[in-house]
Each structure stands twice: as C-alpha cells, then as structure tokens.
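For reference, the structure discussed in these notes is given below.
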C-alpha cells in the first residue's frame with residue numbers, strides 16, 4: 001500500500017529544534033562560562049547510559065532477541081532508552097525488524113538508496129504511519145507494554161536527571177545545555193549514523209548481498225554498533241564487534257552482567273562460520289580479478305583457488321564439529337557424576353590427539369589457501 005508522504009510536525013520540530021538549540025547554546029555557554037567538570041561528567045554519563053540502552057536494549061535485546069535479560073536489566077534499558085526520544089522499544093523494534101527483512105528495498109523504512117540524509121533522519125520527519133507489526137513476542141512482556149504506553153513521560157523524567165544535578169549544584173543552565181540539549185542531539189545522530197554512514201562507508205568482509213558495512217570509526221560513537229556488515233549477516237548475535245580487538249563496549253557490559261547472573265542465553269555465530277564467510281568474499285574478489293586475465297592462465301588459478309577454499313572450509317568445519325562434540329561429551333560426563341578419573345584422563349588424551357591432528361590439517365589447508373591467493377595476486381593481469 002502506498003502511503004501519502006507528509007511531514008510529521010512533532011518529529012520535525014523536535015529533531016531540528018534540539019539541533020538548533022545545541023548549535024546556539026553550546027558555543028555561547030563555552031564562550032561565556034567555559035566547561036565545568038560536572039557538566040562534562042553529566043554529559044558523558046547520560047550520553048553513555050542512553051546510548052548503551054539503545055545498543056544493548058532496544059537493538060540487541062528487544063529487536064533481535066540476541067540474549068535474555070532479567071527484569072531489572074530490561075527495566076533500566078527501557079527507562080534510559082526512552083530518554084533517547086526515539087519512540088518506544090516496541091515501535092523501534094518493529095521498524096528495525098522491517099529494515100532487516102527488506103533492507104535496500106522500497107519497503108525498507110530508511111533505505112540508503114534514497115540518499116544519506118534520508119536514511120539518516122529525513123525518514124523520521126516523514127509521517128509514514130508504519131504500523132507496529134512482527135513484534136508479538138515483545139507484546140507479551142508487561143515491561144515493554146508499560147514503556148510503550150508511557151515512553152515519552154519516562155523519557156522526560158530520565159532526561160531531566162541533569163536538571164536535578166544542576167539544582168543540587170547551583171548550575172541549572174550549564175547542566176541543561178550540556179546534559180539535556182547537547183546530549184539529546186548526540187544520542188540522535190550517533191544512532192542515525194548506523195542507518196546512514198554504516199550503509200555507505202566502510203568494508204564488506206562477510207557479505208555483499210546488501211549495503212551494510214563494517215566501519216571501525218563508527219564503533220566508538222555508537223557503543224560498538226559500527227560493524228554493520230557482520231550484524232546484517234548474523235543479526236541474532238549478541239555481539240557487533242565479534243573479533244577480540246574490535247571496539248564493542250556493549251558486548252563487554254553484557255559479559256560483565258552475565259557474571260552477576262543478570263543476563264544469559266547469549267546467541268553467537270561460530271568462529272568457523274565467520275571465517276568461511278570471509279573466505280567466500282575473498283575468493284569472490286580474487287575471481288573478479290582473475291576475470292581480467294586470459295582464460296588460459298585464469299582457469300587453472302581459479303580451480304586451484306576453489307579447491308584450496310573448499311579444503312580450508314572442510315578443515316574449519318571439522319575443527320568446529322570436534323569442539324561441539326567435546327562440549328556435548330563434557331556435559332554427559334558431568335551428568336553422570338560418577339566418572340572415574342582414569343576414564344576421564346583417557347578421554348582428555350584422546351581429545352588432545354584429535355585436536356592436534358585437526359590443527360595440522362587446518363595449518364596445511366591455510367598454507368594451501370595462502371599459496372593459491374598469492375598466485376592470483378602476483379599474476380600479471382591484463383584487461
């Protein structure tokens with residue numbers, strides 16, 4: 001159904017009004033009074049709390065059900081997420097799930113094909129009247145229903161915390177400028193960057209089936225949400241920066257909360273599947289390069305490349321399957337509760353021997369893949 005295009009006056013005035021206020025008041029305040037440490041601290045604390053609630057709550061928990069959370073965690077994420085003034089978690093998740101189902105099509109609410117600024121915030125200012133759909137699981141949660149009914153009031157209360165601190169310290173205006181006005185603008189646009197910049201700038205190491213891109217520059221601004229190419233392929237993974245060196249403070253916070261038993265049931269893709277996806281993308285790009293070479297030299301290298309990739313994928317799968325089987329076996333031993341120490345030592349020795357064999361196979365497969373890749377890259381390619 002084609003929806004009549006019209007501007008949503010409330011959204012338009014709020015988005016442009018808060019931005020205009022911040023652009024005027026922040027430079028004025030800095031010029032007249034400077035930046036006090038309490039103002040900076042409150043701004044950083046509120047920005048981090050609300051941004052993390054969007055990343056860990058609205059996005060990973062409610063939109064993608066990437067993990068399970070206790071009611072105190074859900075409650076805090078819903079309260080601080082409301083202070084982002086990006087609608088209720090129910091509506092946010094509904095729109096976001098539509099985005100994933102129909103990414104880069106006309107049904108995508110913030111389709112990047114309509115331009116950077118459309119995906120960034122113009123779509124919010126257009127009253128499309130998108131219905132809430134596909135969130136029946138969330139509608140069963142009484143906390144989500146409560147927040148949906150009262151999200152603006154909840155957001156206003158939480159967003160006013162800097163005002164309380166300002167009254168206590170005798171610096172109301174400074175905390176309103178930095179802790180409320182500037183914080184709201186920062187929350188909006190860091191979130192919006194994932195819809196715009198993360199679909200336009202960056203790399204696609206895992207898939208080129210859509211426009212989503214990994215962008216490490218966006219990760220610190222978005223609490224770890226910058227690895228968008230990974231996310232669009234495995235949206236149900238509780239991580240966004242899946243590699244150990246990738247900046248993802250939301251992932252780290254969730255791991256800390258797991259230690260205290262407040263969250264659990266983490267869903268994650270295997271390292272083998274990630275590596276295989278990278279291999280397929282690398283092979284695809286190498287094949288595109290080989291397409292420019294003469295058929296006589298390209299065909300043997302293409303065959304060797306494919307064979308090396310298949311061998312490496314098989315080795316990765318075998319190692320992953322061995323790990324899964326071992327975890328299942330450990331669970332069986334724990335369930336028995338009467339396993340003899342000698343039998344356990346034999347099982348561990350058997351596992352060590354099998355792992356050593358698999359690692360040798362994997363090492364050989366990697367060597368073969370690197371040799372095939374080097375051959376392609378070193379080949380003289382003529383257009």
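The values are calculated or read from the model by the stated rules, or taken from the named source; none is laboratory data. This one's a predicted model, so the numbers in the text were calculated from it and none came from an experiment. Using ideal geometry, Cβ is built from the backbone for each residue, glycine included, and neighbour counts are taken over all protein chains shown.
Observations on the structure shown:
- Selected residue [in contact with a strand residue (DSSP E or B) (Cβ under 8 Å, 6 or more places away or on another chain), assigned to a helix (DSSP H, G or I) and more than 24 Å from residue 130 (Cα to Cα)] from 26, 73: 73
- Test: residue 166 is in contact (Cβ under 8 Å) with a residue 24 or more places away in the chain and in a helix (DSSP H, G or I): no
- Residue identified as over 24 Å from residue 275 (Cα atoms), at pLDDT below 75 and within 37 Å of the chain's Cα centre (by Cα) among 344, 333, 326: 333
- Summed over segment 136-163, the residues that are within 20 Å of residue 85 (Cα to Cα) and not in a helix (DSSP H, G or I) give a count of 1.
- In segment 96-119, the residues that are more than 15 Å from residue 231 (Cα to Cα), touching a helix residue (DSSP H, G or I) at 6+ places or on another chain (Cβ under 9 Å) and assigned to a helix (DSSP H, G or I): 112, 113, 114, 116, 118, 119
- Picking from residues in segment 192-207 that are in contact with a helix residue (DSSP H, G or I) (Cβ under 6 Å, 6 or more places away or on another chain) and within 12 Å of residue 121 (Cβ to Cβ), the one that is surrounded by the most Cβ atoms within 10 Å (Cβ to Cβ) is 195.
- Considering residues of segment 1-15 that are surrounded by 10 or more Cβ atoms within 10 Å (Cβ to Cβ) and over 8 Å from residue 126 (Cβ atoms) only, the residue modelled with the lowest pLDDT: 3
- Among the residues here, residue 51 qualifies as under 17 Å from the mean Cα position of the chain (by Cα), buried (at least 19 other Cβ atoms within 10 Å of the Cβ), under 19 Å from residue 193 (Cβ atoms) and touching a residue at least 60 places away in the same chain (Cβ under 8 Å).
- Entry remark, segment 120-138: residues being farther than 17 Å from residue 228 by Cα and under 23 Å from the mean Cα position of the chain (by Cα) number 11 in total.
- Segment 54-70 - residue that is in a loop (DSSP other than H, G, I, E, B) and surrounded by 21 or more Cβ atoms within 10 Å (Cβ to Cβ) and, of those, farthest from the chain's Cα centre (by Cα): 67
- Filter pass, residue 352 being surrounded by fewer than 11 Cβ atoms within 10 Å (Cβ to Cβ), closer than 28 Å to residue 275 by Cα and modelled with pLDDT of 80 or more: yes
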